[in-house]
Structures are given as C-alpha cells and as structure tokens.
Amino acid sequence: LVLLAGAAREIGRYWRGLATVAVLEERRRIAWDLHDGLAQELAFILRRAKRAGEGDAIAVQVAGAAERALADARRAVAALTRPLDEPLDFALAQAVEEVADRFGQKLDLDLQPNVHVDPLIREDLVRIAREAVANAARHGRAPTVRVELSNRSRLRLTIADDGAGFQPHTANRHERFGLVSMQERAHALHADFHLTSTPGGGTQIQVTLP
C-alpha cells in the first residue's frame, strides 16, 4: 500500500508537470503569434500614420491609437512569456520601469521581495500599476512616481505621484476611462480601491487585497 501510494504521488506529479509544460508552450506560441503578427502590423500603421500626421488631425489620432494598441500588444507578449511563478515584485518593477522610461519619469520603488500570487492576480495588479504610472505622466505631468508593495496582514499596492492632481469627480473623459479600468480590475479581485487627489497635491492610488 505504501509503494502504491508513493507511485500514485509520483504519477500525479509527472502529469501535473506535463500539464504545466503544455500551458507554458501554448502561452509562448500565442506570444510569438502576437509579436510576429499583430504587433508588426500595428508598428507599420504607426510609422505610416506618423509620416502622414503633420497637419492632419485624423492621422495624428490614428497614430495615437496605433501607439496605444502596440503598447497593449507588447504588454500581452510580456505577460504571456513570464514564468507562472514569477514574483509580483519583480513583474511590477519591470512593468513600471518600462512606462517611466517612456515618459522620462523618476521612479521610487519600495517593493517587498518574493511576493507570490496567482498569475491572474499578478497580471491585474501589474496592469493597474502601469495605468497609474502612465496617468501620472499623461495627465498629472508628475516628475516622480512612488510605487510601494507590502504583504503583511494584507497585500497592498500603492502608487503615488507629485503631479498636478485633479478633482476626481470632475475628471475628463480620458482620465475617467483609466480610473474606471483600474477600479474594475481591483473589484474583479475583490480588492479595496482607494483614490485620493487634489489639484496641486498629486494623486495616490491604493489597492488592498482581502
């Protein structure tokens, strides 16, 4: 009986390993399809729209849409090629540094190391952080953004900037879309979403998981 139980455990471990490998291979295949197909086409549209964009308002809008879609495609490729057990702090650091470099922002990171969460939770938190850092640059013109991650009694992600700030209830359409997106991701995780901002006082977003 002991031998049979041990053999059953080994067989179960073997099949779970095969399933994990199959998932990773499928994720990589999808990532390369996105990279070699959709991302390349979007990059082509972006280049052509930028060439035609001088003095053409529609071309400028198309270029902006293509640039955002290309960034989304690249984020999807990055997410699909991450290890399933990649720590949240590592994924967050990579994601927000990429955004900050693009906008020329200074980052202040305080991330508790070796925080492991479900890959789907990790991806939603990474997307919230990216959106918050990008909004700090686009709308708040913030020179510095601080990103904190702690996992004590509850897992907590905080993004705070020293930008222009705003009145949340009077946010414009573009700001409101980003805020709604972050709120919906947080609520899908059954997390608390808290935003504080005042004109001239910067903005802080805090997501706390149950």
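Numbers at a glance
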read-out: R0 of 30 Å, Cβ-Cβ distance ALA188-GLU148: FRET efficiency to nearest 0.05; value: 0.85
read-out: ARG29/ARG9 FRET efficiency (R0 30 Å; Cβ-Cβ; nearest 0.05); value: 0.45
read-out: Dipole magnitude (debye, nearest 20) for the range 30-142, charges at Cβ of Lys, Arg, Asp, Glu; value: 560 debye
read-out: Label-point separation in nm, LYS50 to ASP72, each point 7 Å along Cα→Cβ; value: 2.0 nm
read-out: Debye, to nearest 20: dipole size of the range 94-163, +1 on Lys, Arg Cβ, -1 on Asp, Glu Cβ; value: 140 debye
read-out: Unit charges at the beta carbon, dipole of the range 59-100: most positive-side option, GLN94, ALA73, GLN61; value: GLN61
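No lab work stands behind these numbers, since they all come straight from the coordinates. Computed from a predicted model, the values in this text were never measured in an experiment. Here the Cβ is made from the backbone with ideal geometry for all residues, glycine too, and neighbour counts use every protein chain on show.
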